[in-house]
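Take a look at the structure below.
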Amino acid sequence: MPTEVLVMCPACGHPQPAGGPRCGVCGASLPEAPVPPAPPSGPFVSVDLGAGHSLVGEHGRLTYRIAPGLPPSVVELAQLRALTLESRPFFEALLLTAFGVLGVVDSTLALKVVAFALAGLGVLLAVVCQVRALVLEMDSSASVRWSLGLARRGSERDAKLLGAWRALAQALRARNVVVRDADGAASLPPPSEPPDGPRA
């Protein structure tokens with residue numbers, strides 16, 4: 001509930017809500033008083049991760065949705081200690097290299113070409129694609145992993161994921177959450193200023 005600021009009427013002494021031009025009792029002019037700003041409405045961060053994935057920070061929690069029809073995963077900010085962007089090569093694509101064995105043992109030329117082509121494709125995908133995920137470290141020493149999906153290095157989707165990460169990192173850093181990048185380097189929240197403001 002917002003705090004109501006009152007001012008005292010200089011003529012009759014009755015308290016009045018701040019912001020009005022005249023006293024509601026005697027009609028005298030009221031002194032000016034600072035009115036606190038309205039609390040921010042809406043989410044403090046909202047990012048579309050593509051492929052049906054979305055992440056929204058609102059009301060002291062993070063909500064991750066992997067698809068519109070599935071229940072979301074929710075984490076309370078009060079329990080979140082650190083957030084890390086995890087990036088790794090697309091190692092799963094190396095399974096295609098198993099077709100290279102088939103190309104070696106089979107004597108059919110057409111099958112050899114197809115098998116070696118699939119093996120080469122697996123190596124290429126493992127090199128040029130990355131799997132990204134968010135790792136959330138909780139106060140309970142547990143961790144939660146939210147997959148961001150697969151993206152080719154330098155692609156539009158990869159740029160979108162990195163932009164979403166920067167927005168999320170900035171919002172959480174401002175809320176005293178330790179943020180780590182893909183290399184594991186920690187970015188600490190800025191130090192709090194004393195109540196009377198920065199010293200000269």
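The values are calculated or read from the model by the stated rules, or taken from the named source; none is laboratory data. These numbers were taken from a predicted model, which means no experiment stands behind them. Please note: Cβ atoms are built from the backbone with ideal geometry, for glycine as well, and neighbour counts cover all protein chains shown. Accessible surface is based on the protein model in full, side chains and every heavy atom, while ligands, DNA and RNA are left aside. Shrake-Rupley method; radii C 1.70, N 1.55, O 1.52, S 1.80 Å.
Just to check your reading of the model, which residue among V123, V74 is open to solvent by less than 80 Å² (accessible area, probe 1.4 Å) and either at pLDDT below 85 or not in a strand (DSSP E or B) (or both)? Show your work before the answer.
On the way: V74 fails: either at pLDDT below 85 or not in a strand (DSSP E or B) (or both).
After applying the criteria, what remains is V123.
Filter region 130-142 down to the residues that are surrounded by 18 or more Cβ atoms within 10 Å (Cβ to Cβ) and hydrophobic (A, V, I, L, M, F, W, C), then identify the one that is farthest from L80 (Cα to Cα).
The qualifying residue farthest from L80 (Cα to Cα) is L134.
Looking at region 150-159, which of its residues are in a strand (DSSP E or B) and either open to solvent by 20 Å² or more (accessible area, probe 1.4 Å) or among the basic types (K, R) (or both)? Even if it seems obvious, please write down each step before you answer.
In the first step, residues of region 150-159 are kept if they are in a strand (DSSP E or B); the result is 150-152.
Selection gives L150, R152.
In region 181-200, is there at least one residue being of a type in the set (A, V, I, L, M), at pLDDT 85 or above and surrounded by 12 or more Cβ atoms within 10 Å (Cβ to Cβ)?
So far as region 181-200 goes, no, none of its residues is of a type in the set (A, V, I, L, M), at pLDDT 85 or above and surrounded by 12 or more Cβ atoms within 10 Å (Cβ to Cβ).
Residue check, W146 against (1) farther than 17 Å from V45 by Cα; (2) touching a strand residue (DSSP E or B) at 6+ places or on another chain (Cβ under 9 Å); (3) of a type in the set (A, V, I, L, M, F, W, C), all met but one. Which one?
With respect to (1) farther than 17 Å from V45 by Cα; (2) touching a strand residue (DSSP E or B) at 6+ places or on another chain (Cβ under 9 Å); (3) of a type in the set (A, V, I, L, M, F, W, C), W146 is out only on (1).
Of A98, A93, which residue is part of a helix (DSSP H, G or I) and either among the charged types (D, E, K, R) or surrounded by fewer than 14 Cβ atoms within 10 Å (Cβ to Cβ) (or both)?
Of the residues listed, the single one that is part of a helix (DSSP H, G or I) and either among the charged types (D, E, K, R) or surrounded by fewer than 14 Cβ atoms within 10 Å (Cβ to Cβ) (or both) is A98.
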